[in-house]
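First comes the structure, then the notes that go with it.
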Amino acid sequence: MTDSSRLHASKPGAVTLVAPLLFTVVLFMVVLFAASCAKKAPPPPPPPPSTPIATAPPTTAGPVIASFTAEPSTIEPGQSSTLRWSISNATDMSIDHGIGAVQSQGMRQVFPRTSTSYALTVRGPGGMDSRSVTVEVSNAPPPPPTVRSPQISGNELLSQQGQDAYFDYDMSEIRSDGRDALTRDAALLKQILQQDPNFSVVVEGHCDERGSAEYNLALGDRRATAAKDFLVQLGVPADHLKTISYGKERPQCTDASENCWQKNRRAHLSAGQ
Amino acid sequence: MKRNILLTILIAGASAAVYAQGQGGIRSDVVKTGEKPTIAVPDLRGSGDAQKLMGVFNSTLFNDLQGSGQLKMIPKTLYPVQVPQQPSDFRQGGPSFADWSGPPPNANYLAFGYTAAQNNQIVLYGWLFDVRQTNPSSAQLIGKIYLGSLDEAGSRKVAQEFAADILKQFGATSLIGTRIYFVSDRSGQKEIWSMNYDGSDQKQFTNYRSITTFPAVSPDGTKIAFTTYPILASSRNANAAQFGKQAQNLGQPQIYVHSLESGRKLVYYNQQASMNAASDFLPDSRHLLIYSTANAGFSQIYETDLDGGELHRITHSGSLEVEPKVNPKTGQDLVFVSGRGGTPQIYRMSIDGTDVSRLTTGEGDAVNPAWSPDGQHIAFSWTRGFEPGNFNIFVMDVASRDVVQLTHGAGRNENPGWAPDGVHVVFSSKRGRTTQIYTMLADGSQVQPLTTQGNNEKPVWSKSTQ
């Protein structure tokens with residue numbers, strides 16, 4: 001037991017720093033990813049009805065624009081739309097806005113900054129034809145959910161600064177180092193609750209692998225409850241704290257060593273729902 | 001009574017040794033297994049199309065009888081040249097009983113017969129004789145016809161039925177058709193699985209995708225109770241759903257009850273508590289023993305009915321109380337694990353919470369008690385003599401409290417459960433990088449691995465055939 005206390009003084013602190021940092025980075029990437037996904041989300045509208053080639057061709061086969069579409073027809077700034085066309089009986093075919101001469105079948109990506117109408121003009125022995133499509137550029141999308149919103153901020157603060165309380169083997173009494181950790185946690189939780197009065201916290205109880213799973217379920221419950229009671233004594237409102245025992249089902253370290261076992265004998269704070 | 005001859009003998013033998021060494025001593029050597037009936041099982045032959053199925057038939061018959069652990073199988077190399085195929089063979093100056101009862105085979109019993117293909121079926125004519133008798137008419141213990149489909153499955157079936165009948169002659173319960181329920185993480189999360197007594201036909205039962213563990217099967221084989229961390233529905237904040245971590249938030253552990261017949265979840269109302277865990281069914285299959293923090297304190301032992309109602313608190317302590325298991329014979333005596341004396345130890349009490357006494361010595365951690373079907377013994381896991389976490393399987397005669405150690409330092413051995421025959425024990429053991437399930441005889445011999453994929457633990461052996 002003395003060994004474990006000594007080990008605790010340095011090791012677990014280092015680990016609790018690294019893990020939340022990593023988690024934060026992952027969290028941030030998830031935010032970015034989710035946000036960019038959201039931007040691509042607007043469903044493309046159905047393409048405009050194409051003019052059937054078969055409808056009433058001029059007696060002398062004049063040029064016909066069978067189709068000219070932009071897909072998607074609505075984009076956000078920085079995104080692209082694809083123009084597609086199909087033309088027959090034309091010798092001279094061009095699109096404005098600097099695209100210039102084109103072939104009778106083709107496609108072209110365009111990146112308009114603002115809403116733009118593209119005109120396709122074709123000429124041939126039988127006359128001329130023209131058609132235009134408009135690519136709507138929508139207003140700037142709402143900003144992605146930022147890490148400034150209260151819920152995320154609370155999550156982040158907790159995962160960055162929350163500290164685990166460690167326990168002796170088969171014990172659920174809060175050690176003096178655990179008191180220090182939970183005292184800092186209490187201050188942190190009060191700060192988070194000021195920002196986000198709806199924030200809730202799960203106090204997790206964990207055990208090392210050596211006891212039976214059944215006994216450890218009950219022991220982890222005591223550890224979580226002991227940590228919760230301590231936080232409540234320091235003024236954290238009890239109705240924002242919920243306990244859960246993971247027994248030995250969610251170890252953060254899997255080596256068979258006292259160093260690792262100590263890391264797993266802990267109460268850990270995570271954001272609730 | 002007969003079916004526990006072996007165990008009674010081995011416990012008695014151990015008890016004598018324990019007393020010789022002084023109270024509380026534990027034998028560390030393998031216990032002498034006593035006298036078992038000796039049986040000769042010569043290969044049967046088949047006529048016509050049945051012959052090509054006899055390889056499967058003969059190996060199934062021999063393995064089932066040997067695997068029972070209740071018979072001494074005489075090596076086939078000691079058999080006489082002339083093998084009877086039907087009782088009349090003994091009357092025609094052919095083989096005689098003495099050929100089998102005398103040396104070299106020295107058999108007490110002889111299983112023989114033959115098969116034939118008839119009407120697209122395999123027909124087994126099987127006999128069991130007590131070859132120590134002088135009169136053939138009194139020698140016959142079994143003479144029976146068995147039918148199966150004319151394929152490997154059919155030949156295996158008739159062999160299993162013949163083996164089951166033979167075992168019944170010696171008071172043994174056949175394990176054929178019984179299922180073992182257990183926890184496996186091979187799908188990525190801990191779920192309940194089941195398999196046959198020999199490890200065949202492994203099937204996933206639950207799909208809760210969180211942590212599902214601690215299975216208990218009702219004695220009538222119709223229901224299973226276990227403990228699951230429910231995945232909480234989406235969070236209060238829409239933003240939070242974008243965080244994988246948030247979406248996976250788990251709720252506090254709860255008891256679930258499922259029908260084994262339909263597989264469906266049945267209604268069970270959990271107590272308002274930070275934890276509820278299933279532990280055992282009462283013999284009537286209509287009540288559950290659980291441990292819960294419904295008292296808002298340390299985990300305590302309760303009884304509920306099958307839907308969670310009629311809550312009765314059994315323990316009233318300021319210490320951890322877990323794993324209540326009821327004596328299947330009396331329905332009145334509980335064994336359980338308590339931290340009231342310091343480290344977890346096994347205690348016994350009446351179902352009303354009175355008459356509490358400690359069964360284990362107080363040394364090490366003693367956990368995972370499991371009653372034998374006859375209600376005389378418990379198997380359990382104990383670290384006595386080892387470092388914390390290094391569990392071995394022990395069996396205790398509850399009346400005398402004499403203990404026998406079944407595993408000896410081969411990995412971490414936990415969660416023993418008794419087979420319905422009262423002779424086999426199933427348990428989990430971490431003997432390499434993973435935890436796997438094994439069976440053995442209650443004297444620690446004939447250890448057989450049943451699982452290989454992922455980690456597998458917490459086996460319970462059910463009479464259920466579902």
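Only one of B:VAL356, B:VAL335, B:VAL398 is in contact with a Lys or Arg (Cβ under 8 Å, 6 or more places away or on another chain) and without any contact (Cβ under 8 Å) to a residue 12 or more places away in the chain; which?
Working: B:VAL335 fails: without any contact (Cβ under 8 Å) to a residue 12 or more places away in the chain; B:VAL398 fails: without any contact (Cβ under 8 Å) to a residue 12 or more places away in the chain.
The conditions single out B:VAL356.
Residue by residue through the range A:240-273, note down the ones that are assigned to a strand (DSSP E or B) and of a type in the set (Ser, Thr, Tyr). Lay out the reasoning, then the answer.
Of the range A:240-273, the ones assigned to a strand (DSSP E or B) are A:241-247, A:266-271.
A:THR243, A:SER245, A:TYR246, A:SER270, listed by residue number.
Rundown of residues vs (1) within 13 Å of chain A (Cβ to nearest Cβ); (2) crowded, with 24+ Cβ neighbours inside 10 Å, yes/no style:
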site	(1), (2)
B:ASN390	yes, no
B:VAL404	no, yes
B:PRO420	no, no
B:THR434	yes, no
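Could you please find all residues in the range B:207-254 being aromatic (Phe, Trp, Tyr), at pLDDT 90 or above and crowded, with 21+ Cβ neighbours inside 10 Å? Working first, answer last.
So the first thing to find is which residues in the range B:207-254 are aromatic (Phe, Trp, Tyr), and the list is B:208, B:214, B:226, B:229, B:243.
Checking which are at pLDDT 90 or above leaves us with B:208, B:214, B:226, B:229.
Result: B:PHE214, B:PHE226, B:TYR229.
When only residues in the range B:352-380 that are of a type in the set (S, T, N, Q) and over 21 Å from B:PHE281 (Cβ atoms) count, which is nearest to the chain's Cα centre (by Cα)?
Looking at the filtered set, the residue picked out is B:THR360.
In the range B:345-363, how many are within 21 Å of B:SER299 (Cα to Cα) and in contact with a Gly (Cβ under 7 Å, 6 or more places away or on another chain)? Steps first, please.
Taking the range B:345-363 as the starting set, the residues that turn out to be within 21 Å of B:SER299 (Cα to Cα) are B:345-360, B:362.
With in contact with a Gly (Cβ under 7 Å, 6 or more places away or on another chain) added as a condition, the list becomes B:345, B:358, B:362.
Within the range B:345-363, residues that are within 21 Å of B:SER299 (Cα to Cα) and in contact with a Gly (Cβ under 7 Å, 6 or more places away or on another chain) number 3.
Yes or no: B:GLY171 over 20 Å from B:LEU450 (Cβ atoms), at pLDDT below 95 and under 24 Å from the mean Cα position of the chain (by Cα)?
yes
Hey, can you tell me all the residues within the range B:384-397 that are out of contact with any Ser or Thr (no Cβ under 6 Å at 6 or more places or on another chain) and modelled with pLDDT under 95?
B:ARG384, B:GLY385, B:PHE386, B:GLU387, B:PRO388, B:GLY389
With the requirement that a residue be within 12 Å of another protein chain (Cβ to nearest Cβ), without any contact (Cβ under 8 Å) to a residue 60 or more places away in the chain and more than 25 Å from A:SER212 (Cα to Cα), what does the range A:239-273 give you?
A:LEU241 - this is the single residue of the range A:239-273 that is within 12 Å of another protein chain (Cβ to nearest Cβ), without any contact (Cβ under 8 Å) to a residue 60 or more places away in the chain and more than 25 Å from A:SER212 (Cα to Cα).
Can you find, within the range B:258-269, the residue that is nearest to the other protein chains (Cβ to nearest Cβ) among those that are without any contact (Cβ under 8 Å) to a residue 60 or more places away in the chain and surrounded by 19 or more Cβ atoms within 10 Å (Cβ to Cβ)?
So, considering only residues that are without any contact (Cβ under 8 Å) to a residue 60 or more places away in the chain and surrounded by 19 or more Cβ atoms within 10 Å (Cβ to Cβ), the one nearest to the other protein chains (Cβ to nearest Cβ) is B:TYR268.
For the subset of the range A:148-171 comprising residues that are small (Gly, Ala, Ser) and in contact (Cβ under 8 Å) with a residue 60 or more places away in the chain, which member is farthest from the other protein chains (Cβ to nearest Cβ)?
A:ALA165
Would the range B:344-351 turn up any residue that is free of Cβ contacts under 8 Å to residues at least 60 places away in the same chain, under 28 Å from the mean Cα position of the chain (by Cα), farther than 21 Å from B:ALA379 by Cβ and surrounded by 15 or more Cβ atoms within 10 Å (Cβ to Cβ)?
no
Just to be sure, is B:PHE205 more than 16 Å from the chain's Cα centre (by Cα), of a type in the set (A, V, I, L, M, F, W, C) and not assigned by TED's automatic domain parsing to the domain that holds B:LYS325?
So B:PHE205 does not fit the description; no.
In the range B:90-136, what count of residues is obtained for those that are assigned to a loop (DSSP other than H, G, I, E, B) and in contact (Cβ under 8 Å) with a residue 24 or more places away in the chain?
10
Looking at B:THR304, B:THR361, which one is in contact (Cβ under 8 Å) with a residue 12 or more places away in the chain and either surrounded by 19 or more Cβ atoms within 10 Å (Cβ to Cβ) or in contact with a helix residue (DSSP H, G or I) (Cβ under 9 Å, 6 or more places away or on another chain) (or both)?
Details: B:THR361 fails: either surrounded by 19 or more Cβ atoms within 10 Å (Cβ to Cβ) or in contact with a helix residue (DSSP H, G or I) (Cβ under 9 Å, 6 or more places away or on another chain) (or both).
Answer to the selection: B:THR304.
Which one of B:GLY375, B:GLY297, B:GLY331 is within 11 Å of chain A (Cβ to nearest Cβ) and either within 19 Å of A:GLY247 (Cβ to Cβ) or not β-branched (Val, Ile, Thr) (or both)?
On inspection, the qualifying residue turns out to be B:GLY297.
Could you list all residues from the range A:83-103 that are of a type in the set (Val, Ile, Thr) and within 16 Å of A:SER132 (Cβ to Cβ)? Outline the logic, then answer.
Of the range A:83-103, the ones of a type in the set (Val, Ile, Thr) are A:87, A:91, A:95, A:99, A:102.
The answer is A:ILE87, A:ILE95, A:ILE99, A:VAL102.
Out of all the residues in the range B:372-388, which are in contact (Cβ under 8 Å) with a residue 40 or more places away in the chain and surrounded by fewer than 23 Cβ atoms within 10 Å (Cβ to Cβ)?
B:PRO373, B:ASP374, B:GLY375, B:GLN376, B:ARG384, B:GLY385
When the residues of the range A:67-101 are narrowed to those that are among the aliphatic types (A, V, I, L, M) and surrounded by 18 or more Cβ atoms within 10 Å (Cβ to Cβ), which ends up farthest from A:GLY127 (Cα to Cα)? Lay out the reasoning, then the answer.
From the range A:67-101, those among the aliphatic types (A, V, I, L, M) are A:70, A:75, A:83, A:87, A:90, A:93, A:95, A:99, A:101; that's our starting set.
Next, from what is left, pick out any that are surrounded by 18 or more Cβ atoms within 10 Å (Cβ to Cβ): A:70, A:75, A:83, A:87, A:90, A:93, A:95.
Values: A:ALA70: 25, A:ILE75: 34, A:LEU83: 24, A:ILE87: 13, A:ALA90: 9, A:MET93: 12, A:ILE95: 17 Å.
Looking at the filtered set, the residue picked out is A:ILE75.
Can you name every residue in the range A:240-273 that is under 18 Å from A:GLN191 (Cβ atoms) and over 27 Å from the mean Cα position of the chain (by Cα)?
Across the range A:240-273, there are no qualifying residues.
Would you be able to tell me the number of residues in the range B:264-293 that are assigned to a loop (DSSP other than H, G, I, E, B) and either at negative phi or among the β-branched types (Val, Ile, Thr) (or both)?
Residues meeting the conditions: 15.
Scanning the range A:172-217 for residues that are touching a residue at least 60 places away in the same chain (Cβ under 8 Å) and closer than 28 Å to B:ALA278 by Cα, which turns out nearest to the other protein chains (Cβ to nearest Cβ)?
So the residue we want is A:VAL202.
Say we look at the range A:227-238 and pick out the residues that are away from every other protein chain (no Cβ under 11 Å) and in contact with a strand residue (DSSP E or B) (Cβ under 9 Å, 6 or more places away or on another chain); which of these is nearest to A:LEU193 (Cα to Cα)?
A:VAL236
The values are calculated or read from the model by the stated rules, or taken from the named source; none is laboratory data. Every value quoted in this text rests on a predicted model; they were computed, and no experiment measured them. Neighbour counts run over all protein chains shown; Cβ positions are idealised from the backbone, glycine included.
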